[in-house]
Amino acid sequence: MSSSDDTPRVPIICPECETTTRIPVDDLAESLERHNEQLHDGEDVAHIDPDIADQIQNMVAEDMGLLE
Ligand SMILES: [Zn+2]
């Protein structure tokens, strides 16, 4: 399996677990939800690195051709 660059990875920060995980943007919502559900009783603890949240939105928008 080749790891290509065409799927951007997004840092997810979880202050309670003290972890930062890079998740492919395709799995982002699902992984976040699963993490919070399994480890934090469904509470919204883990979140996207706020520093790049804006960039992610741009990336996704670009990916979808919304910025053209
Ligand atoms: Zn956690």
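Read-outs: derived from the displayed coordinates by stated rules, not from any lab. Worth saying up front: this structure is predicted, and the values here are computed from it rather than measured. Don't worry about glycine lacking a Cβ; one is built from the backbone with ideal geometry, like all the others, and counts go over all protein chains shown.
List of remarks:
- Counting only DSSP H runs of at least 4 residues, each contributing -39500 (n - 2.57), and dividing by the residue count of the chain, the helix-based mean residue ellipticity at 222 nm comes to -12500 deg cm²/dmol.
- Positive end of the dipole of the chain (Cβ unit charges, origin at the Cα centre): among 57, 32, 7, the Cα lying farthest that way belongs to 7.
- The loop-placed GluC sites (Glu not before Pro) in segment 29-62, going by DSSP, that have at most 10 neighbouring Cβ atoms within 10 Å of their Cβ come out as 43.
- Extended-chain gain in nm, criterion 0.36 nm per residue less alpha-carbon gap, residue 20 and residue 49: 9.6 nm
- Taking the square roots of five times each eigenvalue of the Cα gyration tensor of the chain, the equivalent ellipsoid has semi-axes of 23, 14, 11 Å, listed largest first.
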